[in-house]
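Okay, structure first, notes after.
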């Protein structure tokens with residue numbers, strides 16, 4: 001062997017011996033080093049979560065089985081049953097207080113753990129009421145949940161009983177392993193979110209002292225996808241309206257009366273058509289008057305989103321996009337208002353058969369998503385004025401108004417509250433969360449800010465393909481696990497960071 005080849009070999013051998021000795025020394029030292037108590041606790045929480053996964057899935061199926069549909073009066077006992085089920089669960093995990101607080105509508109489930117004096121208090125919001133269903137469109141009955149391919153199928157599994165249970169189970173894990181929480185926690189689970197939270201502001205006002213907190217979280221939210229965290233910083237508002245057209249006291253024989261008798265279905269179709277221009281924009285006078293242009297900051301936020309319109313089209317099975325092409329798809333669903341026809345009924349609509357009639361009555365339901373300074377009542381008033389103007393002779397119109405309106409909302413991204421959540425998401429996912437807007441609405445959030453003086457920042461685990469409000473809704477079991485881990489991490493991280501500020 002030449003000298004030139006021997007020198008590198010000697011060097012590498014020496015380096016190897018150095019590394020080996022160093023590692024042996026570190027291992028020897030490690031025997032005397034105390035374990036990190038926070039990491040040790042997190043490990044124990046993770047083990048508890050895994051050990052109890054089967055039991056938790058069974059509980060989840062029990063809750064999702066309850067048809068807590070808030071918009072159908074006949075389901076009021078079911079909504080009450082779901083609320084009672086959650087109260088009993090809160091009692092079982094050792095919350096200090098677990099109770100139902102009545103409202104003019106369905107009760108709010110309240111629970112608290114207040115045994116951390118001098119520590120901050122976190123208020124967690126979610127809702128336990130669900131949307132109506134069309135059972136014929138479901139592969140399995142919507143209130144007989146099934147587990148398949150790592151997913152739990154059932155109405156409300158994602159929106160938002162996942163938010164209720166993920167947060168409860170996280171607190172359960174911490175109380176079971178430590179006998180305490182690093183901060184004080186208050187749960188506030190609403191039963192009227194799916195009808196616009198009409199009684200929620202009054203509930204907050206009456207219980208302002210009880211609900212006092214330093215931080216608030218909204219568990220009725222989601223992540224961008226399974227591998228990408230996100231934080232929602234902008235939400236649209238919402239307003240609803242139902243109107244009906246009557247042209248006769250009864251349906252008429254189309255042979256005997258056709259050609260001279262007004263047709264309610266035709267008239268309601270003509271009115272609906274008048275809502276839009278040929279580009280798909282809303283033609284209701286004044287509808288866009290208070291809509292601000294999409295800002296440069298909002299455009300920059302959109303540029304960072306890896307959005308592919310084809311993904312949404314695949315999820316829905318659609319073959320084309322609609323809307324004003326002067327705006328990008330995300331601009332349209334995040335920062336522009338909409339008027340959507342969400343339901344129609346009139347004439348003979350049974351699954352089979354054919355009835356030759358001229359319908360005497362027809363009905364349509366509208367949902368508007370609102371932005372910027374738009375006010376729900378003002379928008380509904382404009383639509384009513386438009387309908388009245390376009391309702392022809394021989395037809396009468398009647399209205400059924402929603403009980404409340406959700407206003408648009410913006411959440412600041414330069415606060416410590418935002419940073420604490422971002423820290424935890426970054427740690428678990430291994431990447432910084434995207435900043436998102438959402439076309440949806442959570443009417444309760446603005447009321448929390450107005451009455452309690454705190455922003456309810458998003459921390460939920462719904463994903464956009466989970467068919468909220470549609471048939472065959474589901475929630476991923478992987479999100480059940482990840483959601484609990486993140487909430488445990490968040491509560492501990494919040495306690496640690498706030499302790500540092502006091503030093």
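Miscellaneous remarks
- Highest mean first, the peptides 68-77, 466-475 sorted by other C-beta atoms within 10 Å per residue fall in the order 466-475, 68-77.
- Against the chain, whose longest principal axis comes from its Cα atoms, helix 376-390 is set at around 30 degrees.
- Taking a ≥ b ≥ c as the square roots of the eigenvalues of the alpha carbon gyration tensor, region 96-214 is oblate, as a/c is not under 1.5 and a/b does not beat b/c.
- The value of relative contact order for region 381-502, using C-alpha pairs under 8 Å at least six residues apart, is 23 percent.
- For the peptides 331-340, 294-303, 110-119, the ranking by mean Cβ contacts within 10 Å, running from highest to lowest, is 331-340, 110-119, 294-303.
- Here each label is just a point 7 Å from Cα along the line to Cβ, and for residue 104 and residue 427 those points are 4.4 nm apart.
- Helix 161-178 axis, angle to the chain major axis (alpha carbon atoms, nearest 10°): 20
- Modelled this way, with points 7 Å down the Cα-to-C-beta line, the labels at residue 278 and residue 116 are 6.2 nm from one another.
- Across the chain, the relative contact order, built from alpha-carbon pairs under 8 Å that are at least six residues apart, equals 24 percent.
- Residue-averaged [θ]222 nm for the chain, counting only DSSP H segments that reach four residues, each worth -39500 (n - 2.57): -12500 deg cm²/dmol
- Estimated FRET transfer efficiency (residue 348, residue 52; beta-carbon r; R0 51 Å; 0.05): 0.45
- Cα-based helix-to-principal-axis angle, 3-30 vs the chain, degrees rounded to 10: 80
- A Förster radius of 22 Å combined with the Cβ-Cβ distance from residue 416 to residue 180 puts the calculated FRET efficiency at roughly 0.40.
- Cα gyration tensor shape of region 402-503, rounded if a/c is under 1.5, else prolate or oblate by comparing a/b with b/c: oblate
- You can think of it this way: the chain between residue 256 and residue 497 has 78.9 nm of extra reach, that is 0.36 nm per residue less the Cα-Cα gap.
- Label-point separation, residue 297 to residue 472 (7 Å along Cα→Cβ), nm: 4.1
- Cα gyration tensor, the chain - rounded (a/c under 1.5), prolate or oblate: prolate
Read the figures in this text as sums done on the coordinates, not as results from a lab. All figures in this text were calculated on a predicted structure; none of them were measured in a lab. Quick reminder, even Gly has a Cβ in these numbers, built from the backbone with ideal geometry, and neighbours come from all protein chains shown.
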